[in-house]
Amino acid sequence: MTVKISHTADIQKFFEEAAGFGNDQGSPRLKRIVLRILQDTAKIIEDLEVTDDEFWTAVDYLNRLGGRNEAGLLVAGLGIEHFLDLLQDARDELAGQTGGTPRTIEGPLYVAGAPIAQGETRMDDGSEESVATTMFLEGQVLDLDGKPVAGAIVDLWHANTKGNYSYFDQSQSEYNLRRRIVTDAEGRYRARSIVPSGYGCNPEGPTQECLDQLGRHGQRPAHIHFFISAPGYRHLTTQINLSGDKYLWDDFAYATRDGLVGEIAFREDGARGVSGRYAELEFSFQLQKAADADDEQRSHRPRALQVQGA
């Protein structure tokens, strides 16, 4: 027999007390959010008849998730980060802020303060030259009319051939495969790097543990992350997933979107001064005008290695 008590006045009053509504201290905003979490959690427990064993297993899972620093990974894997993009898209459409390169998820692996270069740069430290395919990446930053945006900052980062990111992978040099490029007078940026590999969740980690229970894989296609910013324009958080990858349209993090597929071409003609096989990838970005100063800034989510002014 199902018993439900969360709707009663006594329980609601109890939750309000637990959420801090009985005092004038703290954050009113957080109190509202915590109250809703308490109310909705109680309703889930009742409606789905969650057992004590199931509840405490979930608590243990959250402890392990945080202990492995995988909360950001799970948020992406369950589609919540993609939902935030879809919600902002809907808000933008309602406000008439449309056009330009689509946004997509940032992911949890950005590191602030990468070296900055004018116009062009090399991103890799040469440590994988014997196994990696050299990649030449270039494009322009444009406005919605197709005019170049000079002085824009293209902040980009990607994985190595093993699917690992510097800073989080201590075997890589500092800021390997992470750079900021200031666009030239034609809005152009150029980078020499290596073709990144896709990656999967740690098979022994809590994110993959959850995905296993959902009957899902935890694989991502090869991709390159971008922050694009310029005075007077909306900050753009996006990434391009590389054509030809097995998981291009089956990304566990739901980051692949129409307009965000990078058509990578492999050549072996020596034209770039590289012996053997190399890759070329051209991708340009279109920015919307900023409605206000806040529009020009990236979100204030906590990130690794926050550097003053980075």
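The values are calculated or read from the model by the stated rules, or taken from the named source; none is laboratory data. The structure displayed is predicted, hence computed values, not measured ones. Positions of Cβ are backbone-derived with ideal geometry, glycine not excepted, and every protein chain shown enters the neighbour counts.
Structure notes:
- Segment 109-127: number of residues that are farther than 18 Å from His223 by Cα and either in contact (Cβ under 8 Å) with a residue 40 or more places away in the chain or β-branched (Val, Ile, Thr) (or both): 12
- Restricting attention to segment 191-233, the residues that are basic (Lys, Arg) and either closer than 30 Å to Thr57 by Cα or crowded, with 18+ Cβ neighbours inside 10 Å (or both) add up to 2.
- Of the criteria (1) modelled with pLDDT under 95; (2) in contact with a strand residue (DSSP E or B) (Cβ under 9 Å, 6 or more places away or on another chain), which one Leu287 fails: (1)
- Pairs where the first residue, in segment 80-108, is touching a residue at least 40 places away in the same chain (Cβ under 8 Å) and within 23 Å of Gly218 (Cβ to Cβ) and the second is buried (at least 17 other Cβ atoms within 10 Å of the Cβ) and of a type in the set (Phe, Trp, Tyr), C-beta under 7 Å, 6+ apart: His82/Tyr254
- Being under 19 Å from the mean Cα position of the chain (by Cα), loosely packed, with under 12 Cβ neighbours inside 10 Å and touching a residue at least 60 places away in the same chain (Cβ under 8 Å) is a description that does not apply to Asp295.
- Positions within segment 58-105 being buried (at least 17 other Cβ atoms within 10 Å of the Cβ), among the small types (Gly, Ala, Ser) and in a helix (DSSP H, G or I), in sequence order: Gly72, Ala76, Gly77
- Neighbours by Cβ (under 8 Å, 6+ apart or cross-chain): first from segment 43-65, farther than 21 Å from His7 by Cβ; second in a helix (DSSP H, G or I) and not basic (Lys, Arg): Tyr61/Pro206; Tyr61/Glu209; Tyr61/Cys210; Arg64/Pro206; Leu65/Ala71; Leu65/Leu74; Leu65/Pro206; Leu65/Thr207
- Checklist (1) in contact with a helix residue (DSSP H, G or I) (Cβ under 7 Å, 6 or more places away or on another chain); (2) assigned to a loop (DSSP other than H, G, I, E, B); (3) surrounded by 18 or more Cβ atoms within 10 Å (Cβ to Cβ) applied to Asp251, failing item: (1)
- Checking segment 49-57 against the condition returns a match, with at least one residue being loosely packed, with under 12 Cβ neighbours inside 10 Å and at positive phi.
- Residue pairs meeting the criteria (Cβ under 6 Å; at least 6 apart or on separate chains; first part of a loop (DSSP other than H, G, I, E, B), in segment 11-36; second β-branched (Val, Ile, Thr)): Ala19/Val34
- Residue within segment 258-280 that is of a type outside the set (Ser, Thr, Tyr), touching a residue at least 60 places away in the same chain (Cβ under 8 Å), surrounded by 13 or more Cβ atoms within 10 Å (Cβ to Cβ) and assigned to a helix (DSSP H, G or I) present: no
- Residue that is surrounded by the fewest Cβ atoms within 10 Å (Cβ to Cβ) [pool: residues in segment 125-172 that are within 15 Å of Pro196 (Cα to Cα) and of a type in the set (A, V, I, L, M)]: Val131
- Residues in segment 114-133 that are modelled with pLDDT of 95 or more and farther than 17 Å from Tyr189 by Cβ: 7 in all.
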